[in-house]
Amino acid sequence: MTSLLSHLVSLAFFISFILLFSSASSNEERKIYIVYMGAQHSSQYPTYELHLNLLKEILVNCSPSESLVYSYQRSFSGFAAKLSIDEAEKLNEMEGIISVFPSKTLKLRTTRSWDFLNFPQRVSRNPALESDIIIGMIDTGIWPESKSFSGQGLRPPPRKWKGACVNMTCNNLGDYMLSEPSPRDFQGHGTHTASTAAGRTVSHANLYGLAKGMARGAVPSARLAVYKVCWLFGCTDQDVLAAFDDAISDGVDIISLSVGGDIAADYFQDPIAIGAFHAMANGILTSTAAGNAGPYRGTVSNVAPWTLVAAASSIDRHIIDKVVTGNHVSTLGASVNTFATKNMNDHPLIYMQGNATILPGDCTALPDINIVKGKIVLCKYFSDEIFSTGIKGLIFIDDSSLDVSDLYPVPFITVSSLDGLNLLSYINNTKNPVANIHKSEEVFDSEAPLVASFSSRGPNTITPDILKPDISAPGIDILAAWSRVAPVSGIINDTRVVKYNIISGTSMACPHVTGAAAYVKSFHPNWSPAAIMSALMTTAKPMYPSARQDELSYGAGQLNPVKAVDPGLVYDAGASDYVQMLCNSAYNETMIKMVTGDASSCSGSSNGTVRDLNYPSMALHVKSGKAFAAKFLRTVTNVGGARRCRYKAEVWANHRLNVAVNPSKLKFSELKEKRQFTVSVSGGPLPGNSTAPAMVIWSDGKHQVRSVMVVYTD
C-alpha cells in the first residue's frame, strides 16, 4: 500500500509540472492572457469561431488553434490564449473587448467547529430541499472514497443538474469534474473544504487521536460538483474562469472558492469577480476566502460586493504542545504534533549562532546538514528544506502566529520570543543541552472567537466604502476529510497517510460560510444571492474591537447559521443594483452593457455613490484630521413570517460618531413588502490609521436585524 501511495504521489507531482510547463508557449515572448468579453452576445459566428477569428486578426507567426487555451462560451464570453505583449495590446483596443489581462497563479487559501457555531447535528432541516442543493467546489479536487462523501441513501442528482462526471467514478453525492487528467485530489485541500461544507456524518474522526469526534458538513445531504483547478504550483486564472463558466451552466446553486490572489484587482481584471458576477446574475451565490496575508491592513484580496467573503477565526478548542528541556522545565507553545511522546528519549538541542553571512537563528541556509542531523533545532527562520536534513525536531520562535497550530514532518512547536530567549539561555549555559517535544493536546479556549492572525484584513482597496471581509467563520485547527495520497503536512518527504487532517486558513472559513448559505437556501430556495448574504450577515454573532481585531478584520461578526434561516428583514439586491454601483464607481457605461449583455445604463440624473448599494453593512473611508458627514440609503424587505409587523431602530455608536436613522420606525403590512430609510453619520476629526464602529439594529421584539458600520482612516 505504501509503495502504491508513493507512486501515486510521484505521478501527481509529475502531472503538475507537466501542466505547468505546458501552459507556457514555445515562443518565450508569449504567455497566457485572459480576454474577457462579458455576457454572451448574438453573432454571425458561434462563440468558439468568433474567438478564433479575433485571434486570427492579431496573431503573428502562430495559428489561432495553437494560441487558444480556453474558449469561455457556456455562461459568458471570453477566452484564454497565448499572446505576446503586442498581440494582447491589439486585442485590448478591439471593439467588444472589455479587458485583457495576464493570467496569474492564485493561491489556495470539523468535528468541533459546527457545534461551536451553535449548529448541532440534529438542527431543524428541510431534507427534500437540502438534497436538491448543489454546491460547486472550485479547488484541488476530491478524494471520493472518503466516508465523508458516501452516496449511500441519496437519490440520484436533481433534474436541474446538467453536468457530467469526468475521469472518475461518481456517486449520488455529486460529480467530480473539469480536470485533466483527473479531478482526484493529490493535495488534500479540496477534500478538506468539500467535506467541511457538505460532508456526510462520520463518527470517531480524528488525526492520530487529536480532535476526535463527529465529522460533518453543514448540509450532509446536499450534492457536490467538484471542479479541479488547483495543482502543486497553484491555481491559474484561466482555469478558475473555466470552472465558473462550467459551474454556472451545470446548474449549481452555490459556488465555493477558497482561492485568491496576492492583492485585490480591478473587478474586470479579476477572474473570481468576473465569474462571480455572472454567477450572481444567474441566481448563484459565490462564497470566497479573504486571504491569509494578515494581520496587515488592506490585504483582503477578494472584494467584489457580489461575493460573500469570509475571514477566519478561532473556535473554543485550541491545540497546544510543550517542549521539555533537560533541566525539567516545560515550555508551552502551539503545534499539531502527532508524534508520540517518548520518555527518556531526549535529543541534543542547538541554536544556529550565525556568522558574517548568516543571521542568528537562521535555519534557511545550512552550511552543513551534519550540524543539525539528529538534533532539535531552535530557529527564528526556516524553510521546508530543513526537514530533509534528518533533524529530530524544530522549535520556532514567532510571536505573530501563536494562535495557530501548524503541522510538520517532524516534532515541531512554535514558542514566544520570551520563551525563545529562555531556551537560548538554557542552551548557552548548559554543557549538553537536550530537549523532548511532546505530542500535542487539546485545551479549551475561552476567548474564542478571535480573528486569526493570518486572516487578511480590510479595508477594501478597490471600493473603499464597501466593507470586506463580510463575515467571520471557523478557520483555525479545523478537522476534516483528507486525500489518502496527500502528505499530511503538505511537505513532500512526509510519509504519514491519514483519512482526516487538521489545518488552518481562510480556506477553512470559506466552506463554513458556504455550508451555512446552502442551509439557508434549503429553507428559502427562491431567495437571491444578496438576500442569503444579508441573512447571514445581519444575524451574525457580534464580535468586538480589541488590539488585534476590528470590523475591518471580522466584518459583520461570527457566522450564526440557525439564526440566518429567519432573519426578519433582508437587504436585497440584484444585477441592476450592482450595475448602478459600478456606474457610481465611474465604470464606463459601454463596458457595463457588454458585461451584462442587456440594455443596462447609468442613470444620468443620479448623483449617487457606492454607499447607496443596498448592502447589509456600511463602511466610510474618511481623511484623517478632518470632520466628515455622509449618508447611506437602504431598503429592507420583510421576510419575517408575519404579515403585519413594526420595527424600531436602535443605534449604538462609538463616542466619536453621531449616527441617526430616518425614519426610525418601519411598518409592514405584507410579506415581501419593502421600506426605505437613511442612515446619517458625522463626526469630528479621526486620527490616522484608526476605526470608529457603530451598528444599527432593527427590532420587532422577535428579530434583531443588525448592520455594522465602520468609519476609518488611512
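The values are calculated or read from the model by the stated rules, or taken from the named source; none is laboratory data. As the structure is a prediction and not an experimental result, all values here were calculated from the model. For neighbour counting, all protein chains shown are included, and Cβ atoms are generated from backbone atoms with ideal geometry for every residue, glycine included. Note: accessible area is taken over every heavy atom of the protein model, side chains too, but ligands, DNA and RNA are not part of it. Shrake-Rupley method; radii C 1.70, N 1.55, O 1.52, S 1.80 Å.
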Which value, in debye to the nearest 20, describes the size of the charge dipole of region 493-556 about its Cα centre when Lys and Arg Cβ atoms bear +1, Asp and Glu Cβ atoms bear -1, and nothing else is charged? 220 debye
Between Ser249 and Tyr296, what is the FRET efficiency for a Förster distance of 35 Å, r being their Cβ-Cβ separation, to the nearest 0.05? 0.35
Consider just the alpha-carbon atoms of region 623-714 and return their Rg together with their Dmax, both in angstrom. 15.2, 47
So how exposed is Asp115, as accessible area in Å² (1.4 Å probe, rounded to 10)? 60 Å²
Accessible area expressed per residue, region 459-538, with surrounding protein chains retained (probe 1.4 Å, Å²): 19 Å²
Got a number for carbon plus sulfur as a percent of region 403-532's accessible area, 1.4 Å probe? 52 percent
For the chain, what is the calculated [θ] at 222 nm in deg cm²/dmol (nearest 500), taking -39500 (n - 2.57) for each run of four or more DSSP H residues and dividing by its residue count? -6000 deg cm²/dmol
With the crude spin-label approximation of a point 7 Å out along Cα→Cβ, what separation in nm comes out for Glu95 versus Ser63? 3.0 nm
Give the lysines reachable from Lys674 as a straight Cα distance under 20 Å; neighbours fewer than 8 places away on the same chain don't count. Lys631, Lys648, Lys665, Lys702
Might you tell me the accessible area per residue for region 397-444, computed with a 1.4 Å probe and given in Å²? 47 Å²
For the chain, take the alpha-carbon Rg, divide it by the Kirkwood Rh, and send me Rg/Rh. 0.98
Reachable lysines, given that their alpha-carbon falls under 27 Å from the alpha-carbon of Lys322 and they are not under 8 places away in the same chain: Lys212, Lys342, Lys373, Lys375, Lys380, Lys392, Lys431, Lys439, Lys499
FRET efficiency, 1/(1 + (r/R0)^6) with R0 35 Å, evaluated for Ala660 and Asp399 via beta carbons: 0.25
Can you give me the solvent accessible area of Lys104 with a 1.4 Å probe, rounded to the nearest 10 Å²? 90 Å²
Whole-Hz ³J(HN,Hα) from phi, Karplus 6.51 cos²θ - 1.76 cosθ + 1.60, for region 681-692, glycine and proline x: 9, 8, x, x, x, 10, x, x, 6, 10, 10, 9
Just how much of Thr495 is accessible, in Å², when a 1.4 Å probe is used and the result is rounded to the nearest 10? 120 Å²
Alpha-carbon spread of region 66-140, three principal axes, descending order, Å: 59, 27, 22
Suppose all protein chains stay in the model; what accessible area per residue would a 1.4 Å probe give for region 601-714, in Å²? 49 Å²
Can you tell me what percent of all Cα-Cα pairs in region 558-714 are more than 24 Å apart? 44 percent
Carbon + sulfur, % of accessible area of region 558-639 - ligands and nucleic acids excluded, 1.4 Å: 49 percent
Simple label model, 7 Å out from Cα along Cβ direction - Ile369 to Asp598, nm: 6.2 nm
Across region 443-565, what fraction of all alpha-carbon pairs, as a whole percent, falls in each successive 5 Å bin from zero upward? 2, 10, 17, 18, 18, 14, 11, 7, 3, 0
Projected-area average for region 442-503 over all orientations - Cα convex hull basis, square nanometres: 6.7 nm²
Nearby aspartates and glutamates by direct alpha-carbon distance to Lys31 (threshold 14 angstrom, same-chain neighbours under 8 apart not counted): Glu66, Asp86, Glu87, Glu89, Asp237
Rough spin-label spacing in nm, given labels placed 7 Å along Cα→Cβ, for Glu670 and Lys342: 7.6 nm
Dipole in debye (nearest 20) - the chain, about Cα centre, beta carbon charges: Lys, Arg +1; Asp, Glu -1: 2260 debye
Considering the options Ala480, Pro459, Ala448, tell which one lies farthest towards the positive end of the dipole of region 444-500, charges being +1 on Lys and Arg and -1 on Asp and Glu at the Cβ, about the Cα centre. Ala480
Per residue convex hull volume, Cα only, region 222-339, in Å³ is 180 Å³
Multiplying the sequence separation of Thr461 and Val562 by 0.36 nm and subtracting their Cα-Cα distance, what value in nm do you get? 33.1 nm
What full-extension length gain, to one decimal in nm, is calculated for Asn327 and Leu418 as 0.36 nm per residue of separation minus the Cα-Cα distance? 31.0 nm
Roughly to the nearest percent, how much of the accessible area of region 203-347 is carbon and sulfur, given a 1.4 Å probe? 52 percent
